[in-house]
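Report on the structure given below.
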Amino acid sequence: MKITGSRNYIKFDFENGYVAKAEGEMLIGRKFIVYKETMKFWEV
């Protein structure tokens, strides 16, 4: 799994053709909070 993103969103690439993207907030210590209602899934 690859995890990429920026300060406002994070993208999970499951390397099996599926990708999830969600909005959230970056916290101290390389942690990220995801807003569950913003999660979107799609196939590549």
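Quick note: the coordinates plus some simple rules give every number you see, no bench work behind them. Since the structure is predicted, the reported quantities are computational estimates derived from the model, not experimental observations. Glycine gets a Cβ as well: all are built from the backbone with ideal geometry, and neighbour counts include every protein chain shown.
Here are some notes:
- Mean separation of Cα contacts under 8 Å, 6 or more apart, over the residue count of the chain: relative contact order %: 32 percent
- For the chain, with +1 on Lys and Arg beta carbons and -1 on Asp and Glu, the positive-most of 42, 10, 32 along the dipole: 32
- Each principal axis of the Cα atoms in the chain has its own extent, and those three values, largest first, are 31, 20, 12 angstrom.
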